[in-house]
Amino acid sequence: MPNVLKTDSRYIKYVDCNPEKQKKIVFEGSFLKIIEGSKVLHSLDMSGFFHTSSINGGSFKKRIYIEAEKSWNLYGGNIAQDQGEVSLIIVKVKYDKSLTEDQKLIYWEYKGKTFPLKNVLFLTGKTLDHVKHHGWDLEPYNVYGDPTNVSPEIDPEFSPVLSPQPTSPDLSLGGIKIMNTTIKEVELEILVMN
Amino acid sequence: MATAPLICKADLANTLIEGGQFNRCTFQVTKDSSVLNSFDFCDFSLDIDDFFSQSLKLKGGSAFLLDDSGLSNSFGEIKALIISVKYPASFTTDSTKYINLIYEGTVYPIGNFHIWTGEPGSVSGRGISIFPNPYITSPLYNEGGIVLHNPHSNDVVISTIVASGGTLGTGTSGTSGTSSNPTTSGTSGSSGTSGSSGSSGSTFTYFGTSTTLITLP
């Protein structure tokens with residue numbers, strides 16, 4: 001009988017001794033599922049989901065990279081309605097593999113409030129063409145620091161450049177500032193619809 | 001995959017409109033048969049510890065305080081919040097298909113779907129603050145807590161998933177499940193796991209579901 005080949009354990013790089021124990025949220029098929037190994041613990045049917053664009057709106061997709069400890073501002077561009085609102089924002093984050101799970105976290109700021117962002121952000125609302133309604137305000141404007149501060153430092157990166165430049169905080173305007181607080185560059189994939 | 005609705009405007013009769021929908025695990029923005037943009041969720045995976053899901057019919061004008069079911073950490077934070085909203089046929093205008101999410105004293109819109117994710121850890125602010133300060137009585141819950149408010153006169157159906165995770169684990173708030181709510185009807189039970197640890201804890205009068213009608217600023 002010829003020698004029976006066996007796995008040399010020195011060459012096993014990744015082993016998951018008990019994959020059944022880890023619960024995960026995933027998209028599979030047309031479902032958002034919570035799984036534990038091969039078991040589906042819960043599912044949310046997304047097949048009936050339809051998010052309507054505004055007649056004068058549209059969509060854009062971006063892939064951007066934010067350096068460590070830098071930030072980047074998301075604005076609505078020309079698909080936003082007159083006051084800068086959009087009806088859907090999706091952000092997906094990819095981290096450097098050298099980061100630990102605990103380090104894989106960035107933040108987003110909207111109208112002076114800061115929120116955590118692990119790997120996905122999905123926001124929806126409803127807009128109307130000519131008046132503010134119930135969308136997400138991506139009108140270009142943002143400030144650093146405490147928004148209640150009477151003279152906060154104005155973010156210099158306006159795109160497009162505002163004219164005249166705002167000189168005081170106006171939280172009626174928006175934009176989302178995404179802050180990479182990790183020690184490595186992060187990759188973001190962003191979809192905006194209106 | 002959902003079918004794009006037909007719209008009946010005089011100038012655009014029987015035109016397929018532009019919109020976003022899931023084609024398996026890819027979110028596609030389509031117009032007629034063209035795919036204008038696509039966004040891949042097939043590689044999305046978020047490790048969690050435990051979760052709690054709930055479906056409820058939220059009556060017009062009523063509000064609902066999300067229950068952490070004992071899943072939040074010592075800062076009252078969770079790892080993921082997923083909300084899906086379905087509007088009945090009585091919502092005839094697309095622009096009215098939104099509800100309000102009230103978080104830390106501020107009102108945000110939800111159209112039909114919402115995902116927030118964080119990574120609760122050794123300091124506050126890394127997760128989603130779902131457990132309200134027990135001494136706050138304001139319906140705006142400006143120190144934690146998330147209220148869903150239906151500002152319309154018609155009912156909406158809301159599905160929520162609250163998931164724990166992160167480095168500090170779960171189980172400090174010490175309640176589980178939800179109570180029935182006079183402002184909601186047809187609250188279906190939760191699925192999910194047996195889930196949370198958590199001690200017996202004290203029960204606050206607002207905890208669980210809320211009967212408070214929110215007056216928006």
Residues in the stretch A:69-85: is at least one farther than 24 Å from A:ASP137 by Cβ, surrounded by fewer than 20 Cβ atoms within 10 Å (Cβ to Cβ), without any contact (Cβ under 8 Å) to a residue 60 or more places away in the chain and more than 7 Å from chain B (Cβ to nearest Cβ)?
no
A:ASP129 versus (1) modelled with pLDDT of 90 or more; (2) within 10 Å of chain B (Cβ to nearest Cβ): which is the lone unmet condition?
(1)
Pick from the stretch A:86-126 the residues that are among the β-branched types (Val, Ile, Thr) and under 18 Å from A:PHE60 (Cα atoms): which of them is nearest to the other protein chains (Cβ to nearest Cβ)?
A:THR124
Of (1) on the phi > 0 side of the Ramachandran plot; (2) at pLDDT below 90, B:GLY125 satisfies every one except (2)
Scan of the stretch A:112-135 for residues that are in contact (Cβ under 8 Å) with a residue 60 or more places away in the chain and crowded, with 19+ Cβ neighbours inside 10 Å, ordered by number
A:LEU117, A:THR124, A:THR127
Before we move on, is B:SER84 over 16 Å from the mean Cα position of the chain (by Cα), facing chain A (nearest Cβ under 9 Å) and modelled with pLDDT of 90 or more?
no
Kindly list the number of the only condition in (1) within 20 Å of B:SER45 (Cα to Cα); (2) part of a strand (DSSP E or B) that fails for B:LEU148.
(1)
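This table checks each residue for (1) at the interface with chain A (Cβ under 7 Å from one of its Cβ atoms); (2) closer than 20 Å to A:ILE34 by Cβ; (3) under 11 Å from the mean Cα position of the chain (by Cα); (4) not in a loop (DSSP other than H, G, I, E, B).
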{"position": "B:GLY70", "(1), (2), (3), (4)": "no, yes, no, no"}
{"position": "B:SER90", "(1), (2), (3), (4)": "no, no, no, no"}
{"position": "B:PRO120", "(1), (2), (3), (4)": "no, yes, no, no"}
{"position": "B:ARG126", "(1), (2), (3), (4)": "yes, no, no, no"}
{"position": "B:ASN133", "(1), (2), (3), (4)": "no, no, no, no"}
{"position": "B:GLY144", "(1), (2), (3), (4)": "no, no, no, no"}
{"position": "B:HIS152", "(1), (2), (3), (4)": "no, no, no, no"}
{"position": "B:THR160", "(1), (2), (3), (4)": "no, yes, yes, yes"}
{"position": "B:GLY166", "(1), (2), (3), (4)": "no, yes, no, no"}
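Okay, residues lined up against (1) surrounded by fewer than 18 Cβ atoms within 10 Å (Cβ to Cβ); (2) in the same structural domain as B:PRO120 (by TED's automatic domain parsing); (3) basic (Lys, Arg):
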| residue | (1), (2), (3) |
| --- | --- |
| B:ASN23 | yes, no, no |
| B:SER33 | yes, no, no |
| B:LEU46 | no, no, no |
| B:SER69 | no, yes, no |
| B:SER74 | yes, yes, no |
Candidates B:ILE102, B:ILE78, filtered to the one that is surrounded by fewer than 24 Cβ atoms within 10 Å (Cβ to Cβ) and not aromatic (Phe, Trp, Tyr)
B:ILE102
Filtered residues of the stretch A:33-51 (kept if of a type outside the set (Gly, Ala, Ser) and facing chain B (nearest Cβ under 7 Å))
A:ILE34, A:LEU41, A:HIS42, A:LEU44, A:MET46, A:PHE49, A:PHE50, A:HIS51
When the stretch B:105-118 is checked residue by residue, the ones that are part of a loop (DSSP other than H, G, I, E, B) and either crowded, with 21+ Cβ neighbours inside 10 Å or at pLDDT 95 or above (or both) are B:GLY111, B:ASN112, B:GLY118
Name, by its number, the condition in (1) in the same structural domain as A:TRP136 (by TED's automatic domain parsing); (2) at pLDDT 90 or above; (3) touching a Leu at 6+ places or on another chain (Cβ under 7 Å) that does not hold for A:LEU32.
(1)
Those residues of the stretch B:28-52 which are in a strand (DSSP E or B) and more than 7 Å from chain A (Cβ to nearest Cβ), in sequence order:
B:GLN28, B:THR30, B:LYS31, B:SER34, B:VAL35, B:SER38, B:ASP40, B:PHE52
Considering the stretch A:52-68, residues that are touching a residue at least 40 places away in the same chain (Cβ under 8 Å) and within 10 Å of another protein chain (Cβ to nearest Cβ), and then whichever is farthest from B:ALA89 (Cα to Cα), we arrive at A:LYS61
Would you check if A:LYS92 is charged (D, E, K, R), within 30 Å of B:ILE17 (Cα to Cα), buried (at least 19 other Cβ atoms within 10 Å of the Cβ) and modelled with pLDDT of 90 or more?
yes
Just checking, which of A:THR114, A:THR167 is at pLDDT below 55 and among the polar types (S, T, N, Q)?
A:THR167
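The values are calculated or read from the model by the stated rules, or taken from the named source; none is laboratory data. All figures in this text were calculated on a predicted structure; none of them were measured in a lab. Cβ: placed from backbone, ideal geometry, glycine included. Neighbour counts: every protein chain shown.
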